[in-house]
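Trainee: Could you have a look at this structure, given as structure tokens, before my questions?
The values are calculated or read from the model by the stated rules, or taken from the named source; none is laboratory data. As the structure is a prediction and not an experimental result, all values here were calculated from the model. For neighbour counting, all protein chains shown are included, and Cβ atoms are generated from backbone atoms with ideal geometry for every residue, glycine included. Note: areas computed on protein heavy atoms with side chains; ligands, DNA, RNA excluded. Shrake-Rupley method; radii C 1.70, N 1.55, O 1.52, S 1.80 Å.
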Amino acid sequence: MFTPRLSGYRKRSDREELALRVRILNSTHTQDIARKAEEELGDRWDKIGPLDLTRNPLVRYVTTLGTAHARPAGISGAPAGLLDMIGGERSRPLIRSYTKAGYRPMPVALAEISADAERYDLGCHYCGVRATWNDRGEFPSLDVITPDTLTLDYRLDDSRRPSVYRHDLRRMVEGRMQDVTDVYDLTDPDAPVFRTVVGRKDVTLAAHPGGGLTGDNWPGEWRTADGEPRAPIVVYGRPTNLSRLLELVEGTLRVCVGWSWWWAGYRDACYKGRNVRGMVLAGSDSAMDAGGEGDGGTGIATGAEDVLRWVDTDPDKPGEHWQWDAPFDAKAMAESLQTYENGLLSHLGVPVDLTKTGGEPLAQEAEALRQAAMRHYDDLRAGDAEVLRLVAMLANRHGAGSFDETARYAVSYNEEIAEELAAAARPEPPEEDSNGRGIEDGDTDGRGSPGEGGGSPGAADEGGA
């Protein structure tokens with residue numbers, strides 16, 4: 001049976017797909033565009049000139065929906081000492097306005113990590129955040145683990161937290177930096193295992209001179225107050241159905257190739273072709289080409305500032321000159337590419353074609369965009385709250401605090417915190433008596449101010465006693 005060579009979208013494994021998305025999100029996908037150009041154009045691909053990286057639909061998608069940190073997020077229920085420990089100064093007016101609403105601004109260090117996690121959650125569906133403790137400065141350190149370097153296993157009866165974490169990174173092993181994998185195996189909570197491996201070789205002792213960190217040797221800082229082992233990694237999102245957005249990823253590469261081709265045409269084929277018949281340039285012989293043979297061109301290059309004077313070769317028969325239109329219609333091609341690019345996002349529910357509304361979205365489009373942007377807030381909220389609990393655990397184990405390691409935190413983003421701040425700034429409505437009449441300031445019983453309507457100076461105190 002004949003099986004055609006597949007050139008469709010599903011050309012990569014999950015791991016390869018995640019690595020490609022990370023490269024696109026970080027604008028390091030030049031080689032991927034080159035491979036796509038060769039796939040699209042064949043041998044012509046290296047003749048179109050430099051590749052164009054100025055268009056990136058995947059980044060556009062993530063930027064359009066990644067609005068959680070458009071304004072500082074707010075955290076409720078977290079002690080100031082825990083937030084200050086994470087790091088990053090906020091202005092006093094900002095802290096004051098958030099405190100009035102019952103919140104504290106998210107620390108800058110956590111906000112930066114959370115914003116990166118949001119990008120990977122939107123573009124790759126999950127990522128990790130690792131927390132370590134800096135003994136010298138006595139503060140927590142946070143860094144994002146990109147999804148292409150984080151593999152997770154889940155128990156069938158527990159989909160909330162992974163049972164095995166595999167983190168690919170570089171460590172100093174035997175005097176040189178090597179690519180290694182840190183494995184946190186919590187399959188058996190009574191006998192947790194931590195290993196650092198290179199391929200199948202266990203290099204835990206060489207990478208961590210302190211020992212193998214197995215079972216009872218599992219670091220104390222990686223245990224909760226009741227002794228439960230925890231990996232120092234928080235997962236944002238879920239690594240499920242990773243083929244989602246596959247068309248957008250493939251389309252991003254195709255758009256880059258298309259604009260690279262467009263620029264080559266704009267640069268090399270947008271001029272009108274000029275031709276003459278029965279004429280030569282004064283002082284030159286256009287009968288010979290640069291090699292001295294055949295009927296060639298003039299053999300010179302001209303610019304807009306040059307004026308060419310032609311002479312008829314036959315005085316009795318005047319020559320002709322004319323021009324053809326440019327072989328490349330840059331405007332039409334650009335509009336076609338833009339339509340294709342917008343279509344990639346529109347079919348995902350992102351309103352991006354705003355040419356008919358003067359560049360501004362209609363009210364229903366703006367609301368649809370807001371709702372689409374807020375769908376991932378819960379993933380982000382769960383991750384940020386878990387990071388706070390992980391930092392509290394590390395601080396407690398290192399004697400830097402006595403924080404609640406099981407606390408529930410409320411985290412509000414962008415529109416959510418804006419509504420909370422607006423509600424806190426709104427003046428309280430005046431109280432009303434039983435007849436619906438407003439009660440003036442200082443008049444607690446609704447009988448009028450002292451000296452107005454028979455109230456006595458001591459009436460308010462008596463009524464309140």
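Trainee: Cα centroids of region 13-33 and region 150-194: how far apart, whole angstrom?
Mentor: Here the answer is 23 Å between Cα centres.
Trainee: Quick check of the Kirkwood formula: for region 143-266, what is the inverse mean of 1/r over all pairs of different Cα atoms, in Å?
Mentor: Numbers: mean 1/r = 0.0577 Å⁻¹.
For region 143-266, inverting the mean 1/r across all distinct Cα pairs yields 17.3 Å.
Trainee: Same structure again: Taking only protein heavy atoms into account and a 1.4 Å probe, give the accessible area per residue of region 138-200 in Å².
Mentor: Numbers: 3590 Å² over 63 residues.
Value for region 138-200: 57 Å² per residue.
Trainee: Which value, in debye to the nearest 20, gives the size of the charge dipole of region 80-126 about its Cα centre, when Lys and Arg are +1 and Asp and Glu are -1 at the Cβ? Each step should come with its number before you reach the end.
Mentor: Details: 6 positive and 6 negative charges, 79 e Å.
Dipole size: approximately 380 debye.
Trainee: What residues from region 127-143 fall in the zone where the backbone N is under 20 Å from a label point 7 Å along the Cα-to-C-beta line of D153?
Mentor: Correct set: 127-128.
Trainee: Calculate the FRET efficiency for R92 and N134 from the Cβ-Cβ distance with a Förster distance of 25 Å, rounded to the nearest 0.05. Could you put the intermediate results ahead of the total?
Mentor: Values: r = 27 Å, r/R0 = 1.07.
Efficiency computed from Cβ-Cβ geometry: 0.40.
Trainee: Measuring from the lowest to the highest alpha carbon on each principal axis, how far does region 145-195 reach, largest first, in angstroms?
Mentor: Extents along the principal axes, in whole Å: 41, 25, 11.
Trainee: Can you tell me the length gained on complete extension of the stretch Y266 to K201, counting 0.36 nm per residue apart and subtracting the Cα distance? Show your work: numbers first, answer last.
Mentor: Values: separation 65, 0.36 × 65 = 23.40 nm, distance 5.46 nm.
That pair, Y266 and K201, stretches by 17.9 nm at full extension.
Trainee: For F139, tell me the accessible area in Å² from a 1.4 Å probe, rounded to the nearest 10.
Mentor: Solvent-accessible area, nearest 10 Å²: 80 Å².
Trainee: With charges only on Cβ, +1 for K and R and -1 for D and E, what is the dipole size of region 37-154 about its Cα centre, in debye, rounded to 20? Walk me through the numbers on the way to the answer.
Mentor: Values: 13 positive and 17 negative charges, 204 e Å.
Value, rounded to 20: 980 debye.
Trainee: Based on the Cβ-Cβ distance from A332 to R370, what FRET efficiency comes out when R0 is 35 Å, to the nearest 0.05? Don't skip to the end; give the middle numbers.
Mentor: On the way: r = 35 Å, r/R0 = 0.99.
Between A332 and R370 the formula returns 0.50.
Trainee: Still on this structure: Can you tell me how much longer the chain between R12 and L41 gets when fully stretched, taken as 0.36 nm per residue apart minus their C-alpha distance, in nm with one decimal?
Mentor: Once the chain is fully extended between R12 and L41, it gains 8.4 nm.
Trainee: Going by amide H atoms built from the backbone, whose H comes under 5 Å of the H on R171, apart from near neighbours?
Mentor: Excluding prolines and chain starts, which carry no amide H, the hits are Q178, V180.
Trainee: Rounded to the nearest 0.05, what FRET efficiency is calculated for T63 and V108 with R0 set to 35 Å and r the Cβ-Cβ distance? Let's see the in-between values first.
Mentor: Details: r = 20 Å, r/R0 = 0.58.
The computed FRET efficiency comes out at 0.95.
Trainee: May I pose another question? In whole angstrom, and with the biggest value first, how far do the Cα coordinates of region 68-166 range along each principal axis?
Mentor: Largest first, region 68-166 extends 46, 33, 25 Å along its Cα principal axes.
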